[in-house]
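Report on one structure; see the data block that follows.
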Amino acid sequence: MANSSDTSNANGTPGPDVILSGLGIRRSFPVGERSLEILHGVDLELGRGQRVSLMGASGAGKTTLLNILGLLDRPTEGEVWLDGQSAWALTTQERARLRNASIGFVFQFYHLLAELNALENTLLPAMIALPHVAYRNKREEYETKAVSMLKRFGLGDRLKHRPGQLSGGEQQRVAIARALLLDPPLIIADEPTGNLDSSTGERVLELLFEEQETRRTALLLVTHDHRLAQRCERMVHMEDGLIQADSSHTMPT
Ligand SMILES: Nc1ncnc2c1ncn2[C@@H]1O[C@H](COP(=O)(O)OP(=O)(O)OP(=O)(O)O)[C@@H](O)[C@H]1O
Ligand SMILES: [Mg+2]
């Protein structure tokens, strides 16, 4: 998959092989009386099914960029295209629908809802996606899907556990199941193993990579771990709010 402009159409619209495209992304935050620019014009394009790592020192702007590419935050300048749609040309509701259907998020601190059990947390994207009645009608179908995924992830006897009753690795596996429930074409993961010991982290990552590969989902993975980054077909390096390197390599078999 080529890296950037050659996958775009002549009018600048990303082509059909592109799942995500950030163009000229700038982000400033008000700090006291001043405005502090954190992202200084970032272009980043992801092909469908591509596994890309994003690295860079603490404070480089990785999370800020991910929040923008994941439509959780609006860029001060620039455009984000997701699955063929210009995200900020949509209404708030349309954008929320696009985000829910197209992106599965996995965060460092899991972000599960404390009062819901593992199965209910996994079902959340479907509850959000569908109106009340439609969800009631399809609940069984989604439950079957969620239960079978949680079982495959080794959580068959943890379905009714709440996050507080689960280990970190188990919580992250629930978060991955939740991210995959609606079969999104893109997963965005911000240091998904950052809060886990190395062997637990490795197992969680193995699971994520396996799912990503069989589903041909694109994955944008922020990590501080070089070994994990090496397992991505493309490595992007950020420094001080800009992309400094973007390299593709052949994956070891
Ligand atoms: N809402 C905000 N207001 C002001 N400054 C912010 C805000 N959010 C982030 N920043 C600043 O932007 C810079 C980049 O932050 P960001 O969280 O994107 O870094 P990061 O690359 O994800 O770092 P880490 O590896 O530690 O997670 C930091 O200097 C941070 O203080
Ligand atoms: Mg971060």
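The values are calculated or read from the model by the stated rules, or taken from the named source; none is laboratory data. None of these values were measured; they are calculated from a predicted model. All Cβ positions, even for glycine, are placed from backbone atoms using ideal geometry, and neighbour counts span all protein chains on display. Side chains are part of the model used for accessible areas, which takes the heavy atoms of the whole protein and leaves out ligands, DNA and RNA. Shrake-Rupley method; radii C 1.70, N 1.55, O 1.52, S 1.80 Å.
Taking the range 53-111 as the range and being among the polar types (S, T, N, Q), part of a strand (DSSP E or B) and more than 16 Å from ligand 2 (Cβ to nearest atom) as the test, the residues that pass are Gln85, Ser86. When Glu141 is tested against (1) surrounded by fewer than 17 Cβ atoms within 10 Å (Cβ to Cβ); (2) within 16 Å of ligand 1 (Cβ to nearest atom), just one condition goes unmet, and that condition is (2). Where helices (runs of 4 or more DSSP H) fall entirely within the range 147-253, those with at least 3 residues that are open to solvent by less than 30 Å² (accessible area, probe 1.4 Å) and in contact with a Ser or Thr (Cβ under 7 Å, 6 or more places away or on another chain) are at 168-180, 198-215. Close contacts from the range 195-211, counting a first residue that is modelled with pLDDT of 95 or more and a second that is open to solvent by 30 Å² or more (accessible area, probe 1.4 Å), with Cβ to Cβ under 7 Å and a gap of 6+ residues or different chains, come to Phe209/Arg231. The C-beta contact set for the range 56-69 (first residue open to solvent by less than 60 Å² (accessible area, probe 1.4 Å), second residue among the hydrophobic types (A, V, I, L, M, F, W, C) and near ligand 2 (Cβ under 8 Å from one of its atoms), distance under 6 angstrom, 6+ apart or interchain) comprises Lys62/Val222.
The C-beta contact set for the range 222-240 (first residue within 14 Å of ligand 1 (Cβ to nearest atom), second residue part of a loop (DSSP other than H, G, I, E, B) and of a type in the set (Asp, Glu), distance under 6 angstrom, 6+ apart or interchain) comprises Val222/Glu191.
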